[in-house]
Amino acid sequence: MLVLRDMIENDIEDYVRWFTKETEWGNWDSPWEAFEGSEDDERKSWTEYYDSVQSIPDDVVRWKYEIELDGTHIGWICSYTDLGYMENKENVLAIGLDIPCIEKRKSGCGTKAFQMYMDYLKEHGHNSFYTQTWSGNLAMVRVAEKLGFKEVCRKENYREVDGRMYDAITWRLDL
């Protein structure tokens, strides 16, 4: 069973591992950004983050949820409004997804988590969404297409990965 939930203390060590040892997922998220923190730095940072979100009241809309599949923490999903290379005058939420657990990818759980999070945000008054990735992240391209997102912006040759140039892509879905 797939569940979106708030962060729990046990998730801290998953984040430490994902940001220091099992960093392969970064090859798909934003491979132009390096992982630089030590285990101690990451543990401190994620503990501080965990402590900061413990006081958020239940009725506040969540900008980030953890993704759990069959009792195992496999990643996270979040929303943001800063689209970087593209204006967002309407402050439409963009949704990002990461599943560091390699063995859980290609199972449809990313698409399902994305749909669940959009449903949650829709219940809280959001009816339009963006998502962004780079043209080399074919898994995220497929998620966007499966969910009915339409491409609204493409910055050609915007991202360099392993000496090759890729497009930055933004999609939008209006429900």
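The values are calculated or read from the model by the stated rules, or taken from the named source; none is laboratory data. This one's a predicted model, so the numbers in the text were calculated from it and none came from an experiment. In this analysis, Cβ positions are derived from the backbone assuming ideal geometry, glycine residues included, and neighbour counts consider all displayed protein chains. Accessible surface areas use protein heavy atoms only, side chains included; no ligands, DNA or RNA. Shrake-Rupley method; radii C 1.70, N 1.55, O 1.52, S 1.80 Å.
For the stretch 39-55, name all the residues that are open to solvent by less than 60 Å² (accessible area, probe 1.4 Å) and either modelled with pLDDT under 95 or touching a Ser or Thr at 6+ places or on another chain (Cβ under 7 Å) (or both).
Answer for the stretch 39-55, where residues must be open to solvent by less than 60 Å² (accessible area, probe 1.4 Å) and either modelled with pLDDT under 95 or touching a Ser or Thr at 6+ places or on another chain (Cβ under 7 Å) (or both): just GLU42.
Among the residues of the stretch 109-155, write down those that are among the β-branched types (Val, Ile, Thr) and more than 20 Å from GLU33 (Cβ to Cβ).
Within the stretch 109-155, the first condition is being among the β-branched types (Val, Ile, Thr), and the residues that meet it are 111, 131, 133, 141, 143, 152.
Within the stretch 109-155, THR111, VAL143, VAL152 meet the criteria.
Hey, can you tell me all the residues within the stretch 2-22 that are outside any helix (DSSP H, G or I), open to solvent by 40 Å² or more (accessible area, probe 1.4 Å) and either out of contact with any Asp or Glu (no Cβ under 6 Å at 6 or more places or on another chain) or of a type in the set (Asp, Glu) (or both)?
ASP6, ILE8, GLU9, ASN10, LYS21, GLU22
Conditions first: (1) buried (at least 16 other Cβ atoms within 10 Å of the Cβ); (2) not in a helix (DSSP H, G or I). LYS89 passes all but one, so which condition is the exception?
Looking at each condition in turn, LYS89 falls short on (1).
Determine whether the stretch 67-74 contains at least one residue that is touching a residue at least 60 places away in the same chain (Cβ under 8 Å), of a type outside the set (A, V, I, L, M) and either in contact with a Ser or Thr (Cβ under 8 Å, 6 or more places away or on another chain) or within 20 Å of LEU121 (Cα to Cα) (or both).
Yes, there is a match, as at least one residue in the stretch 67-74 is touching a residue at least 60 places away in the same chain (Cβ under 8 Å), of a type outside the set (A, V, I, L, M) and either in contact with a Ser or Thr (Cβ under 8 Å, 6 or more places away or on another chain) or within 20 Å of LEU121 (Cα to Cα) (or both).
Out of the residues in the stretch 120-175 that are polar (S, T, N, Q), assigned to a loop (DSSP other than H, G, I, E, B) and over 15 Å from the mean Cα position of the chain (by Cα), state the one that is surrounded by the fewest Cβ atoms within 10 Å (Cβ to Cβ).
ASN127
Do you know which residues across the stretch 24-46 are of a type in the set (A, V, I, L, M, F, W, C) and either in contact with a strand residue (DSSP E or B) (Cβ under 9 Å, 6 or more places away or on another chain) or not in a loop (DSSP other than H, G, I, E, B) (or both)?
Residues satisfying the conditions are TRP25, TRP28, TRP32, TRP46.
Got a sec? Which of GLY71, GLY96 is at pLDDT 95 or above, farther than 20 Å from LEU147 by Cα and among the small types (Gly, Ala, Ser)?
GLY71
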